[in-house]
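*Asks:* Below are the structure tokens for one structure; questions will follow.
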Amino acid sequence: MADSTQKNNRADARKTDLANRIANQSKRVASTGQRVEEFTMRAVRGISSFLDKTLFSTKHARLVSFVLALLLFAFCNYDSESSLNVTSLQTSRDLSNVTVTALYNSDTFELSGLPETANITISGDASSVTAAVNSNGTVVADLEGLTEGTHNVHLQAQGYGENVTVKIDPSNVILTLKKKTTQQFDLSYDFINTDKMDAIYSLGTPEFEYTKVNVRASTDTLSSIAFVKALIDVTGVTADFTQEAKLVAYDSDGQPVECDIVPSTVTVTVPVTSPNKTVPIAVEVTGEVADGLAISSITMDQQTVTIYGPESVLNQIDQVVVTLNASTITKDSTILRPITLPTGVTSSSINQITMNVTLGESTEKTVDGVRITYRNNVNNYKTSQPDNKTTTSVIVTGTQENIDAVTADDIVVYVDMTDAKPGVQDFTLQVEQPTDGLVHYSLTESTYTLNVLGDSTTDTENSEGTGSNDG
């Protein structure tokens, strides 16, 4: 009985001990959990505080933005690369104005109808298409083995690689082959780049190594050629020169003609000279000075000018002109005016002159006994004047000194008989105004009556004469 009691006591003691250990262990677990929870909360609060200070700090804003951008870029590119790795991407590219070349015997045939360019579409996987676009491929019309005539030719793409498909627009072209023949042409010339040569120089007649050339083309093309010219470049020339000039064929409209010229250049020698002539400068005055004034004198700082140009042009020139509009002058003035160069003159030693213009009081006088002359009596009519009137009077206006110097012999009054017909008729009187602008002439009567006789004479002096004779 005592043993049984002891056993029970020991069992109770073990249960009590186990319960105590379990209770202690629970306390330790609870205490550990509480410490872990407190540590976790402190860590979260620390991280939150760090993020607040970092993300919302102006000091770190740029760095944070940069990091986020990198992450976004990596994410997007990862998706793209993943997509490309999942499937092979098919694409296409259009290329415009790809040059079209032809394979044929250009020595024997002339080709027409070939388009200069074509449009192509390249299709395939992306990497192959990119490689093809950068491959400098070509579009070719293969006519080798074809004979004279018209042919429907399929255009071919070459050099784009085997991993792409190339579609050509147009895919077919109608081409014509014509057999070439040879014809001889005389050689002429043109000077080019004359604006790049000093205007004081003149070009002489070129001397060619040969004066005829052979042109090879189809019969139709040869018949369209009007002339073959050597294009002589005169850039910067200052003395005689020799060069190889390019030969070009032209049609009647001056447009170049595609053909073979044999040889394609010619040796040419060109003499270069600098013809010149010194001539006086004349002032040509237009209009009249207002407010009762007149030009008293005009003096220039230059009296002559040296002009340059072909001798044939210079031989026809006796003076050069400077113009002056008198209606713009209101007082004594110093005026700068350009020199007007005659047609054909290429340059001059001076381009403008300075003139001093002085004014004076305007007055007038009447000059009597001015002879009436005839001009342009193209039909050589004989004439008579019903009243035997052969002279007229002219009013001369200018400063006193200038009008005093004018006599009847200085004034030219005339009638123009260009439209004369037989019979008595009135002609308009006309007077030549002096170009120096120092005086001005006015007629006292406007018409002149003549009896134009129907008989003509072969006396050429009647084409221009005075009213004192019959003609």
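Where a number appears in this text, it was derived from the coordinates with a stated rule and is not lab data. Everything numeric in this text was worked out from a predicted model, so none of it was measured. Note that each Cβ is placed from the backbone with ideal geometry, even for glycine, and that neighbours are counted across all protein chains shown.
*Asks:* Among Tyr308, Tyr374, Val396, whose Cα lies farthest out toward the positive end of the dipole of segment 286-408, if unit charges sit on the beta carbon of Lys, Arg (+1) and Asp, Glu (-1)?
*Replies:* Checked the options; the winner is Tyr374.
*Asks:* Using the Cβ atoms and a cut-off under 11 Å, what net charge is assigned to the surroundings of Ile192, where Lys and Arg are +1 and Asp and Glu are -1?
*Replies:* So the environment of Ile192 carries a net charge of 0.
*Asks:* Go through segment 306-319 residue by residue and turn each phi into a ³J(HN,Hα) via Karplus (6.51, -1.76, 1.60, θ = phi - 60°); whole Hz please, and just put x for glycine and proline.
*Replies:* 9, 10, 10, x, x, 4, 4, 7, 4, 5, 9, 10, 10, 6
*Asks:* As an exercise, identify the GluC sites (Glu not before Pro) in segment 218-300 lying in DSSP coil whose Cβ has no more than 12 other Cβ atoms within 10 Å.
*Replies:* Loop-located and lightly packed - Glu258.
*Asks:* Whole-Hz Karplus ³J(HN,Hα) for segment 97-111, in order, using 6.51 cos²θ - 1.76 cosθ + 1.60 and θ = phi - 60°, x for Gly and Pro?
*Replies:* 6, 7, 4, 9, 10, 10, 9, 6, 7, 6, 6, 9, 10, 9, 9
*Asks:* Among DSSP beta bridges lying fully in segment 181-273, give the percent that are antiparallel, nearest 5.
*Replies:* Around 80 percent of the beta bridges assigned by DSSP in segment 181-273 are antiparallel ones.
*Asks:* Once the convex hull of the alpha carbons of segment 181-273 is built, what does its volume come to per residue, in cubic angstrom?
*Replies:* 87
*Asks:* Next question, about the same structure. Looking only at segment 276-361, where both bridge partners belong to it, what percent of the DSSP beta bridges are antiparallel (to the nearest 5)?
*Replies:* 80
*Asks:* While we're here: Are there trypsin sites (Lys or Arg not before Pro) in segment 327-395 that DSSP puts in a loop and that have at most 12 other Cβ atoms within 10 Å, and which ones?
*Replies:* Lys331
*Asks:* 5 Å is the cut-off here: which amide hydrogens, built 1.01 Å from N in the peptide plane, fall below it relative to Ala282, excluding neighbours closer than 5 in sequence?
*Replies:* Correct list: Val320, Val321, Val322.
*Asks:* What is the spin-label model distance, in nm, from Ser327 to Thr444 if the labels are put 7 Å beyond Cα along the C-beta direction?
*Replies:* Going by the 7 Å Cα→Cβ label model, 2.8 nm.
*Asks:* Here is a further query. Would you kindly derive the ³J(HN,Hα) couplings of segment 442-448 from the backbone phi angles with the Karplus curve 6.51 cos²θ - 1.76 cosθ + 1.60 (θ = phi - 60°), listing them in order in whole Hz, with x for Gly and Pro?
*Replies:* 10, 7, 8, 9, 9, 10, 9
*Asks:* Which pairs, out of Lys180/Lys246; Lys196/Lys229; Lys178/Lys246; Lys196/Lys246; Lys246/Lys277, put more than 24 Å between their alpha-carbon atoms?
*Replies:* Checking Cα-Cα distances, Lys178/Lys246; Lys246/Lys277 exceed 24 Å.
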